[in-house]
Amino acid sequence: MSRESPEAAFEQARAAMSRGDLLEVFACLDVNDLKRVAENAVALSLGAQIDTADDEVRQICHDYGFPLDEILAARRRIMQSPGIEATMGHRDAMKRGLAAVSNLPAFLGSLERYSRRVSGGGSISMRLFQNETLTDVHIDGSRAWGTRLHGPGSSDDVEFVRRKSQWYIKLISRRRP
């Protein structure tokens with residue numbers, strides 16, 4: 001399915017979520033939002049572990065080029081010497097790690113499936129886009145805004161961005177101009 005308009009991107013994400021197809025949902029989301037969700041997914045997949053990771057998590061990270069050992073080392077530094085330097089080191093390691101990932105939607109989809117199977121939860125609500133309607137879409141160049149209606153009296157602004165002739169949903173929306 002093509003995301004030639006904000007409405008098409010929203011509909012593709014809604015249909016994918018109704019099928020439970022997280023890979024396709026993530027393919028509809030803006031890369032910057034994916035990175036934020038992926039940070040949470042990595043943390044959920046590791047839990048409180050700082051020395052090791054489940055073999056399946058290691059395999060997922062290996063398959064997509066995510067430097068898991070660097071993240072584990074950064075987590076150990078936080079535990080050994082808490083403070084801003086260790087925290088910033090972890091943040092920087094995470095940014096480098098996510099930048100190295102070969103296919104961010106697929107990596108995130110794999111981590112989400114693992115987390116949901118092992119712990120029963122994930123980084124994104126499975127109700128996202130479900131029973132929602134997109135209205136009031138306004139396009140301004142490579143950006144667009146609309147309203148997600150969740151039900152009577154319940155709505156949120158949603159932002160879209162166009163990259164390489166495809167529209168992507170921004171979960172973390174800026175105010176409309």
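Only the coordinates and a few stated rules stand behind these numbers; no lab work does. Just so we're clear, the structure is a prediction, and the values are computed from it rather than from any experiment. With ideal geometry, Cβ positions are generated from the backbone for all residues, glycine too; neighbour counts draw on all protein chains shown.
Laid out as a table, the results:
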| quantity | calculated |
| --- | --- |
| Relative contact order of the chain, defined on C-alpha pairs under 8 angstrom at six or more residues apart (%) | 29 |
| Nearest 10 degrees, 0 to 90: helix 68-80 Cα axis against the chain principal axis | 70 |
| Nearest-ten-degree value, helix 6-19 long axis tilted from longest Cα axis of the chain | 60 |
| Residue-by-residue Karplus 3J(HN,Hα) for segment 95-107, coefficients 6.51, -1.76, 1.60, Hz, glycine and proline x | 4, 4, x, 5, 5, 7, 5, 6, 8, 4, x, 5, 4 |
| Segment 23-119 - percent relative contact order, Cα under 8 Å, separation 6 or more | 43 |
| Aspartates and glutamates whose Cα lies under 13 Å from that of K164, excluding same-chain neighbours fewer than 8 positions away | E4, D30 |
| Selection from V31, T52, A13 lying farthest towards where the dipole of segment 1-56 points positive, charges on Cβ | A13 |
| Cβ-placed point charges (K, R +1; D, E -1), dipole of the chain about Cα centre in debye, nearest 20 | 300 |
| Label corresponding to Rg and Dmax of the Cα atoms in Å when calculated from the structure given, among [x] 17.6, 51; [y] 25.6, 81; [z] 40.8, 122 | [x] |
| Within the chain, percent of DSSP bridges classed antiparallel, to nearest 5 | 95 |
| Within a Gaussian network of the chain (alpha carbon springs, distance under 10 Å), most fluctuating of P105, P82, P152 | P152 |
